[in-house]
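Report on one structure; see the data block that follows.
No value in this document is a laboratory result; all are computed from the given coordinates. All figures in this text were calculated on a predicted structure; none of them were measured in a lab. Every residue, glycine as well, gets a Cβ built from its backbone with ideal geometry; the counts of neighbours run over all protein chains shown.
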Amino acid sequence: MNAGLKTTWFWVFSLLFIVTGCVAPSNPFVGNTVSSAPVVALQSGGPHADSWQTFDIAIDYEYKQDGDVFEIQGAAVLSQRYEIMYSQLRDLRVYLFFLDDNSRVLEASMIARSLTMQIDQKLQFNHLFKAPPGTTRISFGYDGRVSENEDYHSFYLLPLNR
C-alpha cells in the first residue's frame, strides 16, 4: 500500500472515530415511569403557579401551555437539612420530565445546574419547550452532591427503571 493511500485511510478512520464519539447518547430517562416523585397534571393556558417538593429539594415554578408550546420558569433550592449538615454544594442538576397519562417519561431535559459552591444557592430557570405529543403531566427530578470537609453525601430522585 503506498504512502498516499495509507494517509487517506488514516484520515478516514480518524474522522469516523471523531464523528461516532460526537453522537449524543439516547436519553436514559425516556420510557421509564415516574413512580416515587410528585406528578403534576397539566392545565392549558396559564400562567399556573405551583410548588414541587421532596425531602431533598423544593421547586417553586410557574408554567404556561398553549398547544404543544410549554414555557416554565422558577427556582429550585435544597432543603434546609442540607444547610444545617453540610457547608458546600458540590453539584446539583435539576430535570424536567414530560409525562404521558401513565407517568411514563416522553422527554427529559436538564433545566438547571449549580454553578457555585453555595449550599443555599437558588437555581433559577426559564425555558421554552415544544412538549412531545401525548404530554399530559410533568414532574421534576434531580441529582446532587454536598460535602462537609471530606464527608460527601450524594442524593437523587430520577426515573431510572424501565
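Numerical summary
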item: Hypothetical label at Glu71: residues of segment 105-126 whose amide nitrogen lies under 14 Å (7 Å Cα-Cβ projection); result: 126
item: Note, ³J(HN,Hα) from phi for segment 97-112, Karplus 6.51, -1.76, 1.60, rounded to Hz, x at Gly and Pro; result: 10, 8, 10, 8, 4, 9, 6, 8, 6, 8, 7, 9, 8, 6, 10, 7
item: For peptides 51-62, 89-100, sequence by mean Cβ density within 10 Å, most packed first; result: 89-100, 51-62
item: Between segment 33-64 and segment 108-149, the alpha-carbon center distance in angstrom; result: 12
item: Neighbourhood charge, 15 Å Cβ-Cβ cut-off, centred on Leu128 and excluding it, Lys, Arg +1 and Asp, Glu -1; result: -3
item: Prolate/oblate/rounded label for segment 107-162 (Cα gyration tensor, a/c 1.5); result: oblate
item: Cα gyration tensor shape of segment 15-160, rounded if a/c is under 1.5, else prolate or oblate by comparing a/b with b/c; result: oblate
item: Amide N of segment 38-61 lying under 14 Å from the label point, which is placed 7 angstrom from the Cα of Lys122 along Cα→Cβ; result: 58-61
item: Environment charge at Pro38 (Cβ cut-off 15 Å; Lys +1, Arg +1, Asp -1, Glu -1); result: -2
